[in-house]
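J.: My questions all concern the structure below.
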Amino acid sequence: VQLQASGGGVVQAGGSLRLSCAASGRSIRQYVMGWFRQAPGKGREFVAAINRNGVVTKYADSVKGRFTIARDNGRNTGSLQMDSLKPEDTAVYYCAAGYGVPTVVTESDYNYWGQGTQVTVSS
């Protein structure tokens, strides 16, 4: 499956952005979907994940209450709504799909990755 992330940009602190992840080549129904981010000079970190039917979600503590992950299996897409953005949210954001085994919070749990979209939050 091929993933294409989009929706990044520059926003002031306190603002919002909505990232999208468009999948092609295969249905995403069988996959857990996740979002990761990588800030300059840092490793890639887990942001959020959603299970196959969209009922169960998991968030990093740093984004809990501000970000919302969702998916639309019929449209083969995923999304990440980001509100109350902070300068420390600045990073390249990646969407990913995989079987979520054994967890959903590490890179190795995912088999497919999008190319990343830049999010910059100014203070």
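J.: Would you confirm, using the coordinates I've provided, whether Asp83 is at negative phi, touching a Leu at 6+ places or on another chain (Cβ under 9 Å) and among the acidic types (Asp, Glu)?
T.: Values: at negative phi: yes; touching a Leu at 6+ places or on another chain (Cβ under 9 Å): yes; among the acidic types (Asp, Glu): yes.
Answer is yes for this residue.
J.: Which numbered condition trips up Ser6, out of (1) under 16 Å from Gly116 (Cβ atoms); (2) open to solvent by less than 10 Å² (accessible area, probe 1.4 Å); (3) of a type outside the set (A, V, I, L, M, F, W, C)?
T.: (2)
J.: Can Thr120 be described as assigned to a loop (DSSP other than H, G, I, E, B) and either within 11 Å of the chain's Cα centre (by Cα) or not aromatic (Phe, Trp, Tyr) (or both)?
T.: Numbers: assigned to a loop (DSSP other than H, G, I, E, B): no; either within 11 Å of the chain's Cα centre (by Cα) or not aromatic (Phe, Trp, Tyr) (or both): yes.
No; evaluated as a whole, the condition is false for this residue.
J.: Would you check if Gly54 is out of contact with any Phe, Trp or Tyr (no Cβ under 9 Å at 6 or more places or on another chain) and either in a strand (DSSP E or B) or within 18 Å of Cys21 (Cα to Cα) (or both)?
T.: On the way: out of contact with any Phe, Trp or Tyr (no Cβ under 9 Å at 6 or more places or on another chain): yes; either in a strand (DSSP E or B) or within 18 Å of Cys21 (Cα to Cα) (or both): yes.
So Gly54 fits the description; yes.
J.: Are there any pairs, at least 6 apart or on different chains, whose C-beta atoms fall under 6 Å, with the first in the stretch 34-54 and surrounded by fewer than 24 Cβ atoms within 10 Å (Cβ to Cβ) and the second part of a loop (DSSP other than H, G, I, E, B), and if so, which?
T.: Phe46/Ala60; Phe46/Val105
J.: Next up: Residue by residue through the stretch 72-107, note down the ones that are open to solvent by less than 40 Å² (accessible area, probe 1.4 Å) and under 11 Å from the mean Cα position of the chain (by Cα). Break it down into steps so the answer makes sense when it comes.
T.: Initial filter on the stretch 72-107 (open to solvent by less than 40 Å² (accessible area, probe 1.4 Å)): 73, 76, 78-80, 82, 85, 89-98, 100, 104.
Matches in the stretch 72-107: Gly78, Ser79, Leu80, Met82, Val92, Tyr93, Tyr94, Cys95, Ala96, Ala97.
J.: What do you reckon, is Asp61 farther than 21 Å from Ser108 by Cα and of a type in the set (Asp, Glu)? Before you say what the answer is, go through the steps one by one.
T.: On the way: farther than 21 Å from Ser108 by Cα: no; of a type in the set (Asp, Glu): yes.
For Asp61, the condition - farther than 21 Å from Ser108 by Cα and of a type in the set (Asp, Glu) - is not met.
The values are calculated or read from the model by the stated rules, or taken from the named source; none is laboratory data. Owing to the predicted nature of the structure, the values given are computational and were not obtained by experimental measurement. In this analysis, Cβ positions are derived from the backbone assuming ideal geometry, glycine residues included, and neighbour counts consider all displayed protein chains. The protein model used for the area step is the full one, side chains on, heavy atoms only, and it has no ligands, DNA or RNA in it. Shrake-Rupley method; radii C 1.70, N 1.55, O 1.52, S 1.80 Å.
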